[in-house]
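Remarks on the structure that follows.
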Amino acid sequence: MRTKKDTTPEIAISEHELYSLTEELADKHQDTLPKMREGANEVSESIRELTKSKYGRRSFLTKAAALGAGGALLAACGTAASTSTTAAPKVAGPSVDLQVAALAASLENLAVSTYKAGISAATAGKLGTVPPAVANFAETAMAQHADHAKAWNSILVGAGYKAISAPDPALNGVINADLGKVANVVDLAKLALNLEGVAAATYLEALYALSSKSARAIAATIQPVEMQHVAILNFVLGTYPVPNAFATTTGARPAGEAKSLLVK
Amino acid sequence: MNENRNLDEPELIELMEQSKDIHSDAMRRTRGDINDLINNVAPATERPEERKEEAAEFTKKRSEILGAASNGLGILGVTGLGAAMLALFSKPAFASSNTDIQILQTAASIENLAVATYQTALTLPFIGGSSANPVVKAFAQTTMKQHQEHAQAFNAAITALGGKQQNNPDPVLLKVVESAKPSLTSPSQVVNLALELEQGAAETYVANVAALSEARAIDVTSSILGVEAQHVAILTAVSALLSAGAPQLITLPPPAAQLPAAAGSIGFPNAFYPTNKARPQTEGAVK
């Protein structure tokens with residue numbers, strides 16, 4: 001992300017040292033990706049199993065049902081619920097875990113597109129002077145959200161669904177409207193903070209709700225990263241970065257919100 | 001570390017007050033959860049519908065397996081019966097809560113050690129005294145309290161599951177802290193020690209979430225792991241600025257324009273939180 005030429009005086013600091021540290025950390029990150037792919041494969045397998053099993057349904061079902069996700073209930077009841085050989089074949093809908101995967105992918109897509117738009121606006125000089133650290137934050141966070149989207153999409157594809165490239169259908173319009181009002185870096189940081197907060201809350205809700213241990217493991221590796229984004233954004237905005245001893249689900253999106261994006 | 005700081009201290013205090021209000025709101029929910037945990041000592045009452053259905057499914061399956069065996073239908077041999085029952089008992093809802101209790105005791109022990117470490121750190125003049133950076137001091141004070149609350153929450157969950165509370169520190173990590181104490185002569189060393197503990201805590205809880213079986217254990221762990229990760233993010237950024245000889249940039253808000261580009265992302269280097277530093281599940285279990 002190119003920014004307007006910064007006229008602030010250079011500080012006496014070893015940037016090389018910081019870059020070196022960041023490179024090392026990026027290498028470590030690359031090391032974690034193969035493990036994540038393995039996890040995604042396990043989740044796909046688990047989800048296939050879940051469409052046949054009744055075990056592990058949780059509170060997200062309530063929300064999913066409220067959104068008309070009757071198929072989730074059917075899927076969770078699955079074949080084990082009926083032993084009759086004469087019963088009409090049931091049409092299995094996506095399980096709650098699959099709905100969560102779709103929701104997560106769509107939220108991640110929205111985060112990527114929001115950061116991308118913000119970076120484009122900054123590059124075009126529409127946001128005034130952009131500090132290099134803020135630009136670096138936006139680029140790194142965007143790349144991480146893209147990685148998150150890939151992880152959820154690999155689960156969906158593994159379970160026989162198409163990858164989701166669309167943003168969360170309910171939030172997209174709201175975020176785009178807010179994006180249109182962003183006039184400077186502070187506005188952009190506030191918008192990003194809202195979005196990251198929603199993502200973190202949604203993942204926390206998912207951790208309570210997911211049936212598959214493998215899916216829970218993936219959500220557990222992503223939720224703290226979104227929380228870190230929140231902390232850094234709060235800090236940059238001058239707000240105490242870790243105000244709560246416990247993460248909350250305030251702002252979490254309902255599991256079935258992106259169900260319409262699930263296509264086989 | 002206190003040189004050239006440009007923090008508006010009243011402003012920081014005001015922000016801390018606002019943060020406390022937000023935190024209090026969150027605590028009301030969490031305390032409610034903890035109260036639920038304490039009140040619902042009998043297992044499987046937190047999500048009755050789900051548990052009822054799972055129990056019914058379990059009973060049905062068990063009857064099918066045992067019925068098939070006793071009726072001599074030849075479906076299950078001795079080995080087959082054992083395997084089928086084993087598979088049934090290995091279903092998540094019926095996994096042993098003893099494992100969950102041990103995992104939670106280890107978590108409580110990590111929190112106890114964190115509290116003790118921050119307490120010690122705050123007695124040092126450059127962390128909790130007059131020469132301390134106010135942001136670092138406020139962070140240490142707030143974080144210590146948050147770890148106290150985490151320990152209480154883990155212990156409440158342990159009690160709810162019928163286990164013994166863990167009020168001692170993690171014995172292995174305690175040795176690490178004890179051996180580090182003599183070398184804690186500057187803010188950087190203290191921050192790095194705290195960072196090591198926070199990273200260990202966050203990674204342990206991330207790993208635990210997939211290993212736990214009881215809903216209440218999963219819930220409390222899930223609500224804490226991200227907070228430890230936030231501590232890690234802030235400490236990593238602070239550590240980097242200290243190492244780079246720029247303590248004057250540790251202010252709230254920081255002088256964003258003066259920060260090096262790398263400072264923007266150094267706090268969150270991984271897209272997926274690692275678990276390679278997770279502590280063993282039984283390391284802090286009550287013996």
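The values are calculated or read from the model by the stated rules, or taken from the named source; none is laboratory data. None of these values were measured; they are calculated from a predicted model. Note that we place each Cβ from the backbone using ideal geometry, even for glycine, and neighbour counts take in every protein chain shown. These area figures cover heavy atoms from the full protein model, side chains too; ligands, DNA and RNA do not enter into them. Shrake-Rupley method; radii C 1.70, N 1.55, O 1.52, S 1.80 Å.
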Worksheet item: Within the set A:116/B:277; B:137/B:287; A:213/B:181; A:190/A:259; B:137/B:175, which residue pairs have Cα atoms separated by over 30 Å?
Response: A:116/B:277; B:137/B:287; A:213/B:181
Practice prompt. May I ask you to evaluate 6.51 cos²θ - 1.76 cosθ + 1.60, the Karplus curve with θ = phi - 60°, for each residue of region B:161-166 and list the ³J(HN,Hα) values in order in whole Hz, giving x for glycine and proline?
Written response: 8, x, x, 8, 5, 10
Item to complete: Starting at the first residue of region A:150-161, write each ³J(HN,Hα) from the Karplus equation 6.51 cos²θ - 1.76 cosθ + 1.60 with θ = phi - 60°, in whole Hz, x for Gly and Pro.
Response: 4, 4, 5, 5, 5, 5, 4, 5, x, 8, x, 9
Discussion item. Using the Karplus curve 6.51 cos²θ - 1.76 cosθ + 1.60 with θ = phi - 60°, what ³J(HN,Hα) values do you get for each residue of region B:219-229, in whole Hz, with x for Gly and Pro?
Written reply: 4, 5, 5, 4, 6, 9, 4, x, 5, 5, 5
Item to complete: Can you tell me the order of B:197-210, B:166-179 when each peptide is scored by its average per-residue count of other Cβ atoms within 10 angstrom, highest first?
Response: B:197-210, B:166-179
Worksheet entry | Among A:169-180, B:232-243, the order from most to least packed when residues are scored by Cβ within 10 Å on average | B:232-243, A:169-180
Discussion item. Averaged across A:126-137, how many Cβ atoms of other chains sit within 10 Å of each residue's Cβ atom?
Written reply: 5
Worksheet, complete the sentence: iface A-B | buried accessible area, total | probe 1.4 Å | Å², round 100 | 6700
Fill in: For peptides A:148-158, B:263-273, sequence by mean Cβ density within 10 Å, most packed first
B:263-273, A:148-158
